[in-house]
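To keep things clear, I will list the structure first and then write my remarks on it.
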Amino acid sequence: MTEERLSFQAEVSRLLDIVAHSLYSEKEVFLRELISNASDACDRLRYAALTAPELSADDPVLGITLSVDSAARTLSILDNGIGMNRDDLVANLGTIARSGTGEFMSKLSGDAKKDVGLIGQFGVGFYSAFMVADKVDVFTRRAGEAHSWHWSSDGRGEFTIGEAASEAKRGTRVVLHLREADGEYLEEHRLGEIVRKYSDHIALPIKFEGGEEVKTLNRASALWTRSKSEITEEQYKEFYHHVGHSFDEPWLTLHWRAEGKIEYTSLLFVPAKKPFDLFDPKRSHRVKLYVRRVFITEGVEGLLPPYLRFMRGVVDSEDLPLNVSREMLQHNPMVAKIKSGLVRRVLADLGKKADEGDAGYTEFWENYGAVIKEGLYEDFEHRDSLFKLVRFRSTASDGLVSLDSYLERMKEGQEAIFFIQGDDHEALLKSPQIEGFKARGVEVLLLTDPVDEFWIGAVGTYKDKKFKSVTRGGADLSKIKAADTVEPEAPKADEGELSTLVALFKLTLGEAVKDVRGSERLTDSPVCLIADENDMDMHLERMLRQHKQLNVNHSRILELNPRHGLIKRLAARAGQPGASDTLADMAWLLLDQARIVEGEHVADPVAFSRRFAALMEKGVG
Ligand code: ADP
Ligand code: MG
């Protein structure tokens, strides 16, 4: 029989290098990984056999068997699951096919110590076999196919694939040639200990075949069917690792049984660490659907809304038909009912965590806030529950604030919830547009997630208070009573002089601005730009331009600070003869300055430099 020699994908080689040389602690988890794969393979076969019963007819009892050959120093993990054909082997045991891998790999630093930590979070799956083995053989046959295959590798860059004499009708046998130092994995009691520690929740029997007798090492009942009081935190955690293909801790574990018109059991987890594929454009969740203990499929559209896609776990329905295709599930009214039960329950439990408001919730929000906010415009029905979860950075506090607490802090005469949008909190805090708000003690929410642009527009109000951008006209400060703490305000420029200055600026700047006017918005800066009340917010426009979805520049309103020394002196000059020439340059310079503060380009850098140099020359005297 011919044998092909193939190279691992470069990423796998790098991974194997790290696995073999530096993952010393907790080597025993290799067994958990291989058992987890065997269990997944059995689940997939069981599902396939629902529509093609011949696949499992001759060997219907699914299970996993461990066996050892002490003389040959091998440990075998055998399953009668779905198996793999040649192409499956190349794709699954030659590359890292999991989503988010690209990002994961780009995070590897080359520094073994740091990388081990990262791998711990990500999991190495099958490749962890090379922690204890210097050679791995895989004998496998895909259910329903005629050929068996033999995959073999020493984990050093290459593997071979060839046809194998068929030893079983279907399924996979993974044979580990254990390293000198890893003889402990030949001992039954050690294997039993590891199985009970990590794999007790696996719903299939995991047997040990030693000589004459066969022993079952685990309890072999689906974890979610046991009552909560029987399950330890450790067992929940191990199950989470298995079901979520994750290696962090669950931040929140939700386990409940819905009884009544529709019955299902649900065991869901919120991962402590943000999954790598959270912002994948597909926005699909990873919760597994079971029907009466039989695995159906993962990520059924319509089982969970996209804004809860960070959840992991299982939902096991008592009512759905078993032989139902993935496509049919999406439109099944029963699935819709389960979804509505899940959403209600998950949002209520998250709401409780939000009320507790501890550091843990802050972490949750930092991880998933941007995703939860998608629900504000997608899920009208649950908007109120979602608003209870939403937190913001604001000018009022270093921590996160809720909208209800914002309402409590509103000033007399304040009618709107003010916000500003930008790329980062630090920069937003320094924006000229919020100076007047800060001085009056009026709180401004600092929004930095791209999704904010969408929900704010869709939602409009919270408890009858409008959301208003401080970088747009119509955010009126004059009606709001100033806070007691405000420093005495500097006197303003003379009204008449200011209007002369404004007229002169308008004349000079022409089409470059939409309007020029005095403003209450500023305290320290002489000028700022804002969008007209009904125009697009400046931050959104910038974002769209960056993504090439917009190629116009809307002209903005230039606001002047009538209390600023420079503006007062310019106003005083404005009425005098010959003022227009010098003031014209000032008008352009101030407009460019306002643009720079916004993080925008000056329209004409050459003219800007010329004017600036001329002004500096005068300044030197
Ligand atoms: P993961 O389990 O997270 O997908 P692994 O590295 O553990 O990643 O496994 C890679 C892939 O190899 C699996 O997704 C599966 O397709 C295949 N595989 C591994 N072990 C088996 C097995 N015992 N039977 C069938 N397929 C398997
Ligand atoms: Mg796996």
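Points to keep in mind about this one:
- Of ILE77, ILE18, all but one fail to be away from ligand 1 (no atom under 11 Å from the Cβ) and either outside the structural domain of VAL294 (by TED's automatic domain parsing) or over 28 Å from the mean Cα position of the chain (by Cα) (or both); the exception is ILE18.
- Among the candidates LYS261, LYS197, residue that is outside any strand (DSSP E or B), of a type in the set (Lys, Arg) and in the same structural domain as VAL314 (by TED's automatic domain parsing): LYS261
- Residue in the stretch 19-38 that is farther than 24 Å from GLY155 by Cα, in contact with a helix residue (DSSP H, G or I) (Cβ under 9 Å, 6 or more places away or on another chain) and surrounded by fewer than 20 Cβ atoms within 10 Å (Cβ to Cβ) present: no
So that you can scan it fast, the table gives a plain yes or no per residue for (1) in a helix (DSSP H, G or I); (2) in contact with a helix residue (DSSP H, G or I) (Cβ under 8 Å, 6 or more places away or on another chain); (3) within 30 Å of LEU389 (Cβ to Cβ):
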position: GLY441; (1), (2), (3): no, no, yes
position: LEU446; (1), (2), (3): no, yes, yes
position: GLU453; (1), (2), (3): yes, yes, yes
position: LEU504; (1), (2), (3): yes, yes, no
position: GLY510; (1), (2), (3): yes, no, no
position: ARG545; (1), (2), (3): yes, no, no
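- Checked against the criterion of being within 16 Å of ligand 1 (Cβ to nearest atom) and not charged (D, E, K, R), the candidates PRO250, PRO275 yield just one match: PRO275.
- Test: residue in the stretch 3-13 that is of a type in the set (A, V, I, L, M), more than 21 Å from HIS245 (Cα to Cα) and either more than 15 Å from ligand 1 (Cβ to nearest atom) or assigned to a loop (DSSP other than H, G, I, E, B) (or both): yes
- Among the residues of the stretch 430-465, the one identified as surrounded by fewer than 16 Cβ atoms within 10 Å (Cβ to Cβ) and either closer than 13 Å to ASP524 by Cα or touching a Cys at 6+ places or on another chain (Cβ under 7 Å) (or both) is LYS430.
- Among the residues of the stretch 135-192, those that are within 16 Å of ligand 2 (Cβ to nearest atom) and β-branched (Val, Ile, Thr) comprise VAL136, VAL138, THR140, THR172, VAL174.
- The stretch 555-593, residues that are at pLDDT 90 or above, surrounded by fewer than 22 Cβ atoms within 10 Å (Cβ to Cβ) and not in a helix (DSSP H, G or I): ILE557, ARG563, HIS564
- Qualifying residue in the stretch 23-30 (condition: part of a helix (DSSP H, G or I) and either of a type in the set (Phe, Trp, Tyr) or within 16 Å of ligand 1 (Cβ to nearest atom) (or both)): yes
- Hits in the stretch 126-152 - residues which are of a type outside the set (Val, Ile, Thr) and assigned to a strand (DSSP E or B): ALA133, ASP134, LYS135, ASP137, PHE139, ARG141, SER148, TRP149, HIS150, TRP151, SER152
- Test: residue in the stretch 530-539 that is open to solvent by less than 40 Å² (accessible area, probe 1.4 Å), among the β-branched types (Val, Ile, Thr) and within 37 Å of the chain's Cα centre (by Cα): yes
- Qualifying position, being at pLDDT below 90, crowded, with 22+ Cβ neighbours inside 10 Å and within 13 Å of ligand 1 (Cβ to nearest atom), among PHE130, PHE122: PHE122
- Scanning the stretch 203-242 for residues that are farther than 27 Å from VAL68 by Cα and either open to solvent by less than 50 Å² (accessible area, probe 1.4 Å) or assigned to a helix (DSSP H, G or I) (or both) yields a count of 13.
- Flag if LEU252 is in contact (Cβ under 8 Å) with a residue 12 or more places away in the chain, touching a Phe, Trp or Tyr at 6+ places or on another chain (Cβ under 8 Å), open to solvent by 20 Å² or more (accessible area, probe 1.4 Å) and under 20 Å from ARG345 (Cα atoms): yes
- Taking the criterion of being basic (Lys, Arg) and farther than 26 Å from LYS337 by Cβ, the residues of the stretch 230-274 that qualify are LYS237, LYS273, LYS274.
- The stretch 386-429 - residue that is of a type in the set (Phe, Trp, Tyr) and within 21 Å of the chain's Cα centre (by Cα) and, of those, surrounded by the most Cβ atoms within 10 Å (Cβ to Cβ): PHE392
- Output for the stretch 294-331, where each listed residue is closer than 20 Å to HIS241 by Cβ and open to solvent by 40 Å² or more (accessible area, probe 1.4 Å): GLU298
The values are calculated or read from the model by the stated rules, or taken from the named source; none is laboratory data. The structure displayed is predicted, hence computed values, not measured ones. As a convention, Cβ positions derive from the backbone with ideal geometry for all residues, glycine included, and neighbour counts pool all protein chains shown. Ligands, DNA and RNA are stripped out before the accessible areas are found, and what is left, the full protein with its side chains, is counted by its heavy atoms. Shrake-Rupley method; radii C 1.70, N 1.55, O 1.52, S 1.80 Å.
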